[in-house]
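Here's the structure, in structure tokens; my notes come after.
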């Protein structure tokens, strides 16, 4: 009898697992679609509607999961598929340039995605465990849980929020919210809309006028918001600065080689710095791939003297420091009548610019010039030139809008213009370039600031304060992008509150919603869920 019961139990478990397969297939498919929505591989463009549909599928899975445990597993599957597809290009840096064996590189990429997906497993569990009979509250609960998962990806373990869902909306109907609530506020609203769409899948909800009224009301509010945003009187054009953005296109496997990339970089960037006639010349991250003391005799002095007088200035990416004081990934600025300006990167890349504890064994397996760099302070002085307060940021620092927002705490010293210097050559000619471009565009929308980007391989562009690319250079070519960038002094609502409180107001709101849902769940427990 015991053996018979055990066999029956195993059979039931097998049937349950079999029934779960379609749900996991939907979760994985939705996760892949969510990744594509950030920047489609075939066009590089964001697909806001696909982001909503993929997130609606995830919400529907959570609402219909037989238990919070199943919802957690579905959230983990959704997140792992999404994040693996979003940053698959890390494989190139690890394997092609780092020399890590391809199986280990695959494990590293998928392992990172699986680890970060634990946040979305928690979101799924919360959405299922605290859900009740009120559909509108379930939608709010899902949106709050989603936003808190995004918050954990921003804050925990140095933060790696690359590919956040809100970036899919940089060209969409929710983009008008950026100057008010930022990319994570957009992500919250998108999650709420997705959850409302998911509730319509219920048979009784389709017949409910309240459900359709909620969707119609949300659509009307978004439409009205876009009408108001489009009719808003734009501030008068601010002062314009002529710029020359340098794109050396030095092959990544040669960039730090003494016989090839280094002499090419020194010669080409040196010549462009000398010959340019723009008011501001910008060279990308590590455009000069040597420490100052390693440069050929007279090289640094020649650059300094070139901009010591006249009407031109330059910002140049270069590593600084030494063995005793440590190294920094930096930007040096040169302008007439002043000592060189210095900006040191604050938000370092784990495994690229600093080695987390207990992971030195991993980095020793790679053939990449890595090290433990020193961090610059969060708020460093602007580079002031021709009436502009220019705020440099290096590589993926523009991913952390709340950190850039710290510079807006005093409107009198707030940046009027952003400059990003990057080297995405580590990741080949992939969608990583497009993803990073949309990140920069979102920062322009949030802060009403132009962003000029000088990169090694692309995207070298000028972005206006409304997030539009006005000038661009063909990727993976060597050239100079000439154009003008507009400076502005206005302070957006997002800049005002994020400079004082960071992202905490958004996440306090999320915690309040979850707390309310938890209390209601206790009062009216739903049977059949564990």
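Tabulated results
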| item | result |
| --- | --- |
| Label-point separation, residue 386 to residue 491 (7 Å along Cα→Cβ), nm | 2.7 |
| Inter-label distance for residue 325 and residue 299, nm, one decimal - labels placed 7 Å from Cα along Cα-to-Cβ | 2.0 |
| Pair residue 311, residue 64: separation of 7 Å Cα→Cβ label points (nm) | 6.7 |
| Extension gain, residue 43 back to residue 115 (0.36 nm per residue minus Cα-Cα distance, nm) | 23.0 nm |
| Helix-derived mean residue ellipticity, 222 nm - over the chain, DSSP H n ≥ 4, -39500 (n - 2.57), to 500 | -15500 deg cm²/dmol |
| Least to most buried among 47, 83 (fewest other Cβ within 10 Å first) | 47, 83 |
| DSSP-defined antiparallel bridges as percent of all bridges, segment 240-489, nearest 5 | 60 |
| Semi-axis lengths (Å, descending) of the ellipsoid that matches the C-alpha gyration tensor of segment 45-120 | 29, 16, 6 |
| Cβ-Cβ FRET estimate between residue 219 and residue 271, R0 fixed at 56 Å, reported to 0.05 | 0.50 |
| Among beta bridges that DSSP assigns inside the chain, antiparallel share in %, nearest 5 | 60 |
| Percentage relative contact order, the chain, counting C-alpha pairs under 8 Å, at least six apart | 16 |
| Difference of contour (0.36 nm per residue) and Cα-Cα distance, residue 180 to residue 158 | 5.4 nm |
| Potential extension, residue 200-residue 504 segment - 0.36 nm per residue separation minus Cα distance | 106.3 nm |
| Relative exposure of 501, 89, judged by other C-beta atoms within 10 Å (fewest first) | 501, 89 |
| Order of 345, 335, 69 - criterion: other Cβ atoms within 10 Å of each residue's Cβ, fewest first | 69, 335, 345 |
| Near-label residues of segment 40-73 by backbone N, under 20 Å of a point 7 Å along Cα→Cβ of residue 430 | 40-47 |
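No value in this document is a laboratory result; all are computed from the given coordinates. Model, not experiment: these values are computed from the prediction. Cβ: placed from backbone, ideal geometry, glycine included. Neighbour counts: every protein chain shown.
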